[in-house]
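Have a look at the structure below before the remarks.
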Amino acid sequence: MRIGAIVTRIMQQMIRDKRTLALLFFAPLLVLSLMYFVFNSNEPDMTVVVSNGSASIIEKLEAADFHVIEKNDFSIADLKEEKYDGWLAFHQTQLKLTLLNDDPSTAKALKMKLSQVLQPEQSAMMKLKTEYVFGDENTAIFDIFSPMLTGFFVFFFVFLITGIALLKERTSGTLERLLATPIKRSEIVAGYMLGYGLFAFIQTAIIVLFGVYVLDIVHVGSIWLVLLINIIVALVSLSLGALLSSFAASEFQMMQFIPLVIVPQIFFSGIFPLDNMVEWLQNIGRIMPLYYAADALNGVMYKGYSFSEILVDLVILACFALVFITLNIISLKKYRSL
Amino acid sequence: MGNNAISLNSIEKKFQQKQVIAPLSLEIPKGELIGLLGPSGCGKTTLIKMIMGMIKPDNGSIQVLNYTVPHKQLLTDIGYMAQSDALYLDLTGEENLHFFAKLYRLSKKEREERVNYAASLVHLTDDLNRKVLNYSGGMKRRLSLAIALIQNPKLLILDEPTVGIDPVLKKEIWQELIRLKNDEHKTILVTTHAMDEAERCDQLAMLRNGHIIAHGTPHDLKAHYQAKDFDEVFLKAGGEAL
């Protein structure tokens, strides 16, 4: 019941703090949408240069909204110079597509659309050979890191809000006052986990549903698993935020944890490819909760992993939460020896 | 021991080499109103936190209501009002009271009764539905006092309860404290540096630099130091000890 008292109080406070609620629920959607548009810009006008193409092909391409330029005398250097999106060259037996690929999402869309248009001919008479001016075919961005983004937003916003809420409780003296009542230290921590956990849960649900149904980010696996992972991520972040707030003397000092705690996790969680990094440096990621969260989320959403395949990640995340929660209970001894 | 609400046995506390509480002993009998007097920074709050069990003394032992500190039961038996108002500003006065009442596991019916009683005692009944954010300094103080009384504790420990409260209300609060002592046999420990409040206490303990420099009834102290009022007692007692 004491835990219930804390949970009720937190809910009353949060519901009254409309701006914080808005930050918690809508800021992630805004940022997620922005990233979606930045990395996944909707099929822009695509200009294709066609060499030796038949009239029917060109008609088809134009029907599919391509901007077609017919030029038989063309080279890769010209393509670079003019910044056209692609060059489609017909030879006797093969079809050669050269993509500029200065923007992977455009290149990807172009290739996909082109192969749809050319489907009948291509399979029947000739092979399509694709070459890239910049990068290669693996440069898809948003699809791969969007699952990690959902986990990251849950982690970041929950961390910030609980950290600052608990800090306020420490600096205003209410935490000390709370400990002058017969409440157990573990009850305080449990109340906090449940109270803010509830809001974290709603936030998680909103982010995941928005990402999957509105932004249409890939999700091959079960959406329930995605929710489950993100809820555990929220717990880790809750308990870490609460713990670190005891090392901050002001809101400003709490913000200083962002470059220390949040930013390195982004680098190591796999949003940026780690393959080329020195091995010992790669291993640093393994001490970071988001590394496991990203692995699990990527597994479920992109690769369609099942529960048993992400179990190890979940257990490790749960261990992080458990350790942080225990440290929280111990750290409250500072205020009351009992 | 049986008649003492609080007994401190040669307790001592240092913070980073600085002696905040020199070894001191003090017996506070049950059912009395005791004033702890002293200038700012003399260790009053530290002493109170040690009695609550929130700070551990380096040496010595503390008994409160026949329990050895720290003890969980004591936290139910002591009503505590901190020096700074520890209130949830974004909640209403009523929500604050109910929140603390729940922490003492009062039933819903008891809670209603105690919240109404405590609120009317400090004249906040009409303002209960306002957010504490909009309270004046005095109202916050009164709400803190109401919270200290919420679970009907046997011992009240009030750290400077009347700072920022106007004289009329201050008088009423003191009348209520004396009524609580007389009718409900509560033991009340009050810290203050207002000398007019000292007169109203049954016993006074004067604290300076972690030492108790004088202890007795207001009348005895004045007689002992041949002083007209407490400002004088304080100056003389302080001068003697230093």
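Tally the residues that are polar (S, T, N, Q) and closer than 15 Å to residue A:129 by Cβ, restricting the search to the range A:64-100.
4
Are there any pairs with C-beta distances below 8 angstrom linking a residue in the range A:154-182 that is more than 9 Å from chain B (Cβ to nearest Cβ) to a residue that is of a type in the set (A, V, I, L, M, F, W, C) and assigned to a loop (DSSP other than H, G, I, E, B), with the two at least 6 apart or on different chains, and if so which?
Matching pairs, first to second residue: A:163/A:248; A:167/A:248; A:171/A:249.
If you check residue B:186 against the conditions, is it free of Cβ contacts under 8 Å to residues at least 40 places away in the same chain, surrounded by 17 or more Cβ atoms within 10 Å (Cβ to Cβ) and farther than 21 Å from residue B:12 by Cα?
no
Where in the range A:221-338 are the helices (runs of 4 or more DSSP H), entirely inside, with at least 2 residues that are of a type outside the set (A, V, I, L, M, F, W, C), in contact with a Leu (Cβ under 9 Å, 6 or more places away or on another chain) and within 19 Å of residue A:192 (Cα to Cα)?
A:223-244, A:307-331
Of all the residues that make up the range B:67-86, how many are in contact (Cβ under 8 Å) with a residue 60 or more places away in the chain, within 18 Å of residue B:141 (Cα to Cα) and within 7 Å of another protein chain (Cβ to nearest Cβ)?
Selection size over the range B:67-86: 2.
Got at least one residue in the range B:123-140 being within 9 Å of chain A (Cβ to nearest Cβ), closer than 23 Å to residue A:334 by Cα and not aromatic (Phe, Trp, Tyr)?
Taking every residue of the range B:123-140 in turn, none turns out to be within 9 Å of chain A (Cβ to nearest Cβ), closer than 23 Å to residue A:334 by Cα and not aromatic (Phe, Trp, Tyr).
So residue B:64 passes all but one of these: (1) away from chain A (no Cβ under 11 Å); (2) over 19 Å from the mean Cα position of the chain (by Cα); (3) under 17 Å from residue A:181 (Cα atoms). Which condition number does it fail?
(2)
What tally of residues in the range B:192-219 results from selecting those that are within 23 Å of residue B:22 (Cβ to Cβ), free of Cβ contacts under 8 Å to residues at least 24 places away in the same chain and not aliphatic (A, V, I, L, M)?
Residues that pass the stated criteria total 1.
Checking residue A:148 against (1) within 31 Å of the chain's Cα centre (by Cα); (2) assigned to a loop (DSSP other than H, G, I, E, B); (3) modelled with pLDDT of 80 or more, which test does it fail?
If we test residue A:148 against (1) within 31 Å of the chain's Cα centre (by Cα); (2) assigned to a loop (DSSP other than H, G, I, E, B); (3) modelled with pLDDT of 80 or more, just (2) comes out false.
Checking residue B:112 against (1) away from every other protein chain (no Cβ under 13 Å); (2) touching a strand residue (DSSP E or B) at 6+ places or on another chain (Cβ under 7 Å); (3) closer than 27 Å to residue B:165 by Cα, which test does it fail?
The number of the failed condition is (2).
Scan the range B:150-159 and tell me whether some residue there is surrounded by 19 or more Cβ atoms within 10 Å (Cβ to Cβ) and without any contact (Cβ under 8 Å) to a residue 60 or more places away in the chain.
No: the range B:150-159 contains no residue that is surrounded by 19 or more Cβ atoms within 10 Å (Cβ to Cβ) and without any contact (Cβ under 8 Å) to a residue 60 or more places away in the chain.
For the range A:248-269, how many residues are hydrophobic (A, V, I, L, M, F, W, C) and closer than 17 Å to residue A:161 by Cβ?
8
Filter the range A:156-197 for residues that are in contact with a Lys or Arg (Cβ under 6 Å, 6 or more places away or on another chain) and among the hydrophobic types (A, V, I, L, M, F, W, C); which is nearest to residue B:69 (Cα to Cα)?
Ranking the candidates gives A:179 first.
Across the range B:47-61, what is the total count of residues that are away from chain A (no Cβ under 13 Å) and in a helix (DSSP H, G or I)?
Of the residues in the range B:47-61, 1 are away from chain A (no Cβ under 13 Å) and in a helix (DSSP H, G or I).
Just to verify a result, which residue in the range A:269-317, among those that are among the charged types (D, E, K, R) and either over 25 Å from residue A:238 (Cβ atoms) or surrounded by 12 or more Cβ atoms within 10 Å (Cβ to Cβ) (or both), is modelled with the lowest pLDDT?
Among them, the one singled out is A:275.
How many residues, within the range B:7-60, are acidic (Asp, Glu) and within 23 Å of residue A:336 (Cβ to Cβ)?
So the answer is 2.
Confirm whether residue B:120 is touching a residue at least 12 places away in the same chain (Cβ under 8 Å), away from chain A (no Cβ under 12 Å) and either in contact with a strand residue (DSSP E or B) (Cβ under 6 Å, 6 or more places away or on another chain) or surrounded by fewer than 18 Cβ atoms within 10 Å (Cβ to Cβ) (or both).
In short, no.
When the residues of the range A:318-338 are narrowed to those that are within 17 Å of residue A:235 (Cβ to Cβ) and buried (at least 19 other Cβ atoms within 10 Å of the Cβ), which ends up modelled with the lowest pLDDT?
Among them, the one singled out is A:328.
Considering the range A:51-90 alone, what residues qualify as being under 14 Å from residue A:114 (Cα atoms) and among the charged types (D, E, K, R)?
Of everything in the range A:51-90, those that are under 14 Å from residue A:114 (Cα atoms) and among the charged types (D, E, K, R) turn out to be A:59, A:60, A:62, A:65, A:85.
Name the single residue, out of those in the range A:239-262 being modelled with pLDDT under 90 and in contact with a Gly (Cβ under 8 Å, 6 or more places away or on another chain), that is surrounded by the most Cβ atoms within 10 Å (Cβ to Cβ).
A:254
The values are calculated or read from the model by the stated rules, or taken from the named source; none is laboratory data. This one's a predicted model, so the numbers in the text were calculated from it and none came from an experiment. As a convention, Cβ positions derive from the backbone with ideal geometry for all residues, glycine included, and neighbour counts pool all protein chains shown.
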